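Q: Starting off with a structure, shown below.
None of the figures in this text is laboratory data; all of them are computed from the coordinates on show. What you see is a predicted model, and the numbers here were worked out from it, not measured in a lab. Reconstructed Cβ throughout: ideal geometry from the backbone, glycine too, with neighbour counts over all protein chains shown.
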């Protein structure tokens, strides 16, 4: 049950106010796109001390770390792909049509 997914930079705000911090940060917003579900966004704040040429790479590294932590948290107690398929075969409505 894997679906095509992408992570795209949707916006970069340089030197913007970050609540709770005295100096400006770069705000990088990613669109999290996965087939079949609404697009979500993830905001990553990057300290301006990082080189501008590496801004996107640094932001992607921070995003990856957060998404990996979310993956671990969401993985607790999940069905295996085979188990969920067997369960679906038991509960699938007779008139189910995937669009």
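Q: Among (i) 87, 17, 4; (ii) 38, 15, 11; (iii) 50, 13, 4, which one is semi-axes √(5λ) of the Cα gyration tensor in Å computed from these coordinates?
A: Label (ii) holds the value from this structure.
Q: Among 73-85, 56-68, what's the highest-first ranking by average C-beta atoms within 10 angstrom per residue?
A: Working: 73-85: 9.0, 56-68: 14.5.
Per-residue Cβ counts within 10 Å, averaged per peptide and sorted highest first, yield 56-68, 73-85.
Q: I'd like the distance between the alpha-carbon centres of region 16-34 and region 66-99, rounded to an integer number of Å.
A: Using only Cα atoms to place each centre, the spacing works out to 32 Å.
Q: Pull out the extension gain between residue 87 and residue 12, defined as 0.36 nm times the separation in residues minus the alpha carbon to alpha carbon distance; nm, one decimal. Present the calculation step by step, with values, prior to reporting the outcome.
A: On the way: separation 75, 0.36 × 75 = 27.00 nm, distance 4.29 nm.
Taking 0.36 nm per residue and subtracting the Cα distance, the gain is 22.7 nm.
Q: When the helix-only estimate is applied to the chain (DSSP H runs of n ≥ 4, each -39,500 (n - 2.57), divided by the residue count), what is the mean residue ellipticity at 222 nm, nearest 500 deg cm²/dmol? Don't jump to the answer; show the numbers that get you there.
A: On the way: 2 runs with 31 residues, N = 99.
Only helices count here, giving -10500 deg cm²/dmol.
Q: Here is a further query. Compute the semi-axes of the equivalent ellipsoid of region 1-59, taking the square root of 5 times each eigenvalue of the Cα gyration tensor, and list them largest first in whole Å. Could the numbers behind the result be given before it?
A: Values: eigenvalues 144, 31, 12 Å².
They are 27, 13, 8 Å, listed from largest to smallest.
Q: Give the peptides 24-32, 43-51 in descending order of average Cβ contacts within 10 Å, highest first. Kindly include the intermediate steps, with their values, before the conclusion.
A: Details: 24-32: 18.0, 43-51: 13.4.
Per-residue Cβ counts within 10 Å, averaged per peptide and sorted highest first, yield 24-32, 43-51.
Q: As I understand it, the value is the acute angle between the Cα axis of helix 55-74 and the longest principal axis of the Cα atoms of the chain; what does it come to in degrees, rounded to 10?
A: 40 degrees
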